[in-house]
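Colleague: Submitted below is the structure of interest, expressed as structure tokens.
The values are calculated or read from the model by the stated rules, or taken from the named source; none is laboratory data. Keep in mind it's a predicted model, so treat the numbers as computed, not measured. Don't worry about glycine lacking a Cβ; one is built from the backbone with ideal geometry, like all the others, and counts go over all protein chains shown.
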Amino acid sequence: MMRAYGHSLHLVDGPEENIKITTPGDFFAMRAILDARENEQIYVS
């Protein structure tokens, strides 16, 4: 849509787990990412 109005688009590097939550499935994916992070912190510490 922005391109249709004459704006240029740019990609920005960021974390792969940076997701947009718009569906129930997205919510469960976010929970899995957070759970994995929490478990990783427990085992690494």
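Colleague: Can you work out which of the residues in the range 1-35 that are at pLDDT 90 or above and of a type in the set (Gly, Ala, Ser) is surrounded by the most Cβ atoms within 10 Å (Cβ to Cβ)?
Modeller: Ala29
Colleague: Asp26 is checked against (1) in a loop (DSSP other than H, G, I, E, B); (2) within 12 Å of the chain's Cα centre (by Cα) and fails just one. What number does that condition carry?
Modeller: Evaluating Asp26 over (1) in a loop (DSSP other than H, G, I, E, B); (2) within 12 Å of the chain's Cα centre (by Cα) leaves (1) as the failure.
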